[in-house]
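The values are calculated or read from the model by the stated rules, or taken from the named source; none is laboratory data. If you're wondering where the values come from, they're calculated on a predicted model, not measured in any experiment. Glycine also receives a Cβ, built like all others from the backbone with ideal geometry; neighbour counts cover every protein chain displayed.
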Amino acid sequence: MQVFKTFFKILDKQKHQFIIYISIFAVLLGILSNVGGDQRKEFQGSRVSVMVFDYDNSEKSKYLMEYIYSIHDKREVADDREEIQDYLYYQVLDYVVYIEEGYSETGELSNIKRPGSHSGSYVDGQIAAYQKAFDAYVATGHSLEEANEKAINSLDSEGLVSYKGKSAAKPKMYYYFTYMTYILIMLLMNVMAPIIMVFNRKEIKDKNSVAPMTTKSRSIQLIGASALLSIAVWVALIIVAAIMFKGQVFVGTNALNLVSSFVFLLLTVGLVCIISNFNLKAPTISMISNIIALGMAFLGGVFVPMEIFSDGILKIARFMPTYWQVKATESLYVDGGLDTFFRCVGIEALFAVAFIAIALVVAKVMKQRREG
């Protein structure tokens, strides 16, 4: 276990890197919390005039109607399309919801919005977020009453916001797992890559070649140590999330964030393995990691909302693994559903396989060059 032990001895000397980047992450979370809090206060005052027509009359539909009226102002109006259009035109009414018959089984809704107003999309986002949370709690075995209470509490504690009036209700947990992609890349590239490079140096490999240790044993120990470090970093970040969100990270669809973030961890490790094949100095690694992490973060929608991207930038963004991680997380809280989520995670997994394959090819080429 000489290689395994040496790996963590080197890591001990690099521990200041952990402190630096975890501090950066803490600052990001602090900024995020403040921004989320400010947005929440801003939108708490954005009550609009709504009318709900419940044609299902089920327990589930009544909970939805009560939720809508708890966050917006009820405006009595008859179910007459001409009258409703007049109310909308003269801005007496902003939004009308039709809970269709059979809603308790199908979840089918329809609505009428005031043209040219962002309030309709804002309410869309709130209703979608409530439905997702409610269905998630029911799926985990809670009664309808419990699901309603927990859904409302979770939305209230997460501080739902709406971006520029678009259908983009995003809780703080969304931002946490979005920013986590940037932190994973920065942490592993700046901490793990330099350690692996030490073992890939020619003089170290020459010493290992005459040592009583097979190449297979050395590789297994190095892979094991790298895997342990990567998982430890991921677990630490999940623990922070669990503390921040009071265990909600493990409940309902929130738990799927663990799946997508772990797959992203794998592709990040593959990316680190590619970089580790080159004999680079620490400043160069830091520069490359910043370019890659920031490039993926900005183009992938981590730091810049994808709503403002042009079609051309979106086409480029699809080649970034961060884009698919952001889309996967977004599908849990905004729109898309589980089909979209698993499709995005599947694409992330393909990135992971591709990066690991490239790392192996580069390692083989570098080995042939050294031996040649």
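Each row is one residue, and each column tells you yes or no for (1) over 26 Å from F351 (Cα atoms); (2) more than 15 Å from the chain's Cα centre (by Cα); (3) surrounded by fewer than 16 Cβ atoms within 10 Å (Cβ to Cβ).
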| residue | (1), (2), (3) |
| --- | --- |
| I220 | no, yes, yes |
| A232 | no, yes, yes |
| V240 | yes, no, no |
| G247 | yes, yes, yes |
| L280 | no, yes, no |
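With the checklist (1) under 30 Å from F134 (Cα atoms); (2) in contact with an Asp or Glu (Cβ under 9 Å, 6 or more places away or on another chain); (3) buried (at least 20 other Cβ atoms within 10 Å of the Cβ) in hand, flag the one item T253 doesn't pass.
Result: T253 fails condition (3) only.
Answer yes or no: is there a residue in segment 248-258 that is in a helix (DSSP H, G or I), of a type outside the set (F, W, Y) and farther than 17 Å from F342 by Cα.
Yes, segment 248-258 contains at least one residue that is in a helix (DSSP H, G or I), of a type outside the set (F, W, Y) and farther than 17 Å from F342 by Cα.
Matching residues to (1) under 14 Å from D73 (Cβ atoms); (2) more than 26 Å from the chain's Cα centre (by Cα):
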position	(1), (2)
Y87	yes, yes
V92	yes, yes
V96	yes, yes
Y103	no, yes
S110	no, yes
S121	no, no
I127	no, no
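Any idea which residue in segment 47-59 is modelled with the lowest pLDDT, counting only those that are buried (at least 16 other Cβ atoms within 10 Å of the Cβ) and either among the hydroxyl-bearing types (S, T, Y) or closer than 14 Å to L144 by Cα (or both)?
Taking the candidates together, the pick is S49.
Of these, V97, V123, V92, which one is of a type in the set (A, V, I, L, M) and assigned to a strand (DSSP E or B)?
One residue alone meets the criteria, V97.
Is there a residue being in a loop (DSSP other than H, G, I, E, B) and under 24 Å from N254 (Cα atoms) anywhere in segment 58-68?
The initial filter retains those residues of segment 58-68 that are in a loop (DSSP other than H, G, I, E, B), namely 58.
If we keep only those that are under 24 Å from N254 (Cα atoms) as well, we get none.
Scanning segment 58-68 turns up no residue that is in a loop (DSSP other than H, G, I, E, B) and under 24 Å from N254 (Cα atoms).
I'm trying to understand the selection: among the residues of segment 129-138, which are of a type outside the set (S, T, Y) and either surrounded by 21 or more Cβ atoms within 10 Å (Cβ to Cβ) or at pLDDT below 90 (or both)?
A129, K132, A133, F134, A136
Taking only pairs six or more apart or across chains, which ones have beta-carbon atoms under 7 Å, a first residue in segment 263-281 that is in a loop (DSSP other than H, G, I, E, B), and a second residue that is buried (at least 24 other Cβ atoms within 10 Å of the Cβ) and at pLDDT below 95?
Close Cβ pairs satisfying both conditions: none exist.
Here are some residues: K62, K74. Which one is in the same structural domain as S117 (by TED's automatic domain parsing), more than 15 Å from V123 (Cβ to Cβ) and modelled with pLDDT of 90 or more?
Exactly one of K62, K74 is in the same structural domain as S117 (by TED's automatic domain parsing), more than 15 Å from V123 (Cβ to Cβ) and modelled with pLDDT of 90 or more, namely K62.
Could you run through segment 258-302 and say how many residues are touching a Pro at 6+ places or on another chain (Cβ under 6 Å) and among the polar types (S, T, N, Q)?
Counting residues in segment 258-302 that are touching a Pro at 6+ places or on another chain (Cβ under 6 Å) and among the polar types (S, T, N, Q) gives 0.
Which one of I112, I84 is hydrophobic (A, V, I, L, M, F, W, C) and in a helix (DSSP H, G or I)?
I84
Do you know which of the residues in segment 251-278 that are within 20 Å of Y174 (Cβ to Cβ) and of a type in the set (G, A, S) is farthest from the chain's Cα centre (by Cα)?
Of everything passing the filter in segment 251-278, G252 is farthest from the chain's Cα centre (by Cα).
Assess whether I285 counts as being within 19 Å of L187 (Cβ to Cβ) and either hydroxyl-bearing (S, T, Y) or free of Cβ contacts under 8 Å to residues at least 24 places away in the same chain (or both).
no
Only residues in segment 306-318 that are of a type in the set (G, A, S) count as the first member; pair them with residues that are in a loop (DSSP other than H, G, I, E, B), Cβ under 9 angstrom, at least 6 apart or cross-chain, and list the lot.
A317/G300; A317/G301; A317/F309
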